[in-house]
Amino acid sequence: MITPLKIASKDLARILADKYGVHLTSITFLPKGEASWGYIVESKENKFFLKVHKARNLATSRFQLLHKLHTEKGIENISYPQKALDGKLEIKIDDYSAVLFNFIEGKTALETKFSDEQYEAIGTLLGQIHQSKIS
C-alpha cells in the first residue's frame, strides 16, 4: 500500500510490545505493495519486517512452513515469521492479519541485477528448501 495503515506508530509499538514482547526504537512505513502494509520495525536488539495484510483471512500454512524451514531445518537465508508470546505466527491489528518477520537487509530482486555468485547462492538455498522434508 502506498499510504500507511490508519493507526498511530505509538499504537503499533504498543501492540508489538504486548503481542511479541518487542520494545521498538523506530517504525518506518514502506510505501510498496498492493495487498499489504509494510513496516520496518527496530528494537535495540533486532530489526523486523511487519506485514499487515489487507485480506482478513490468510492461508496461514505458508507462515508455518517458513517458520519450520528456519527452526527445524536450520535454513538461515529466508524471511520467516516470529512467534508471538501466545505461540501464534499471526496477530490481529485493527481486524487485519499481521505477521512479524525477521528482517534481511538488501535489495529486492526487482531492484538489482544478480551476480553469478548470487545466482549460485539462490540455487543453493532453493536446493535446501526442496530437500527439506517437513510434516
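Nothing in this text is a laboratory measurement; each read-out follows from the coordinates by a stated rule. In this text the structure is predicted, and so the values were computed from the model without any measurement. All Cβ positions, glycine included, derive from the backbone under ideal geometry; neighbour counts span all protein chains shown.
How far is it, in nm, from the label point at Asp95 to the one at Lys107 when both lie 7 Å from their Cα along the line to the Cβ?
So the label points at Asp95 and Lys107 sit 4.1 nm apart.
Would you grab the residues whose amide H sits under 5 Å from the one on Ser36? Only those 5+ places off in sequence or on another chain, please, with H modelled 1.01 Å from N.
Lys54
Using θ = phi - 60° and the Karplus relation 6.51 cos²θ - 1.76 cosθ + 1.60, list the HN-Hα couplings for region 25-35 in order, rounded to whole Hz, with x at every Gly or Pro.
9, 7, 9, 10, 6, 10, x, 9, x, 10, 10
Around Asp86, under 12 Å between beta carbons, what's the net of Lys plus Arg minus Asp minus Glu among the other residues?
Computed value for this residue: +2.
Mind ordering 72-79, 39-46 by average Cβ neighbours within 10 Å, highest first?
Result, highest mean Cβ count within 10 Å first: 39-46, 72-79.
Could you give the length gained by full extension between Thr25 and Lys73, i.e. 0.36 nm per residue of separation minus their alpha carbon distance, to one decimal place?
Length difference between fully extended and current span is 14.2 nm.
Can you list the residues, at least 5 places off or on another chain, whose amide H is less than 5 Å from the amide H of Ile93, using H built in the peptide plane?
Ala98
State the extension gain, in nm to one decimal, for the chain segment bounded by Lys47 and Lys6, taking 0.36 nm per residue of separation less the distance between their alpha-carbons.
12.5 nm
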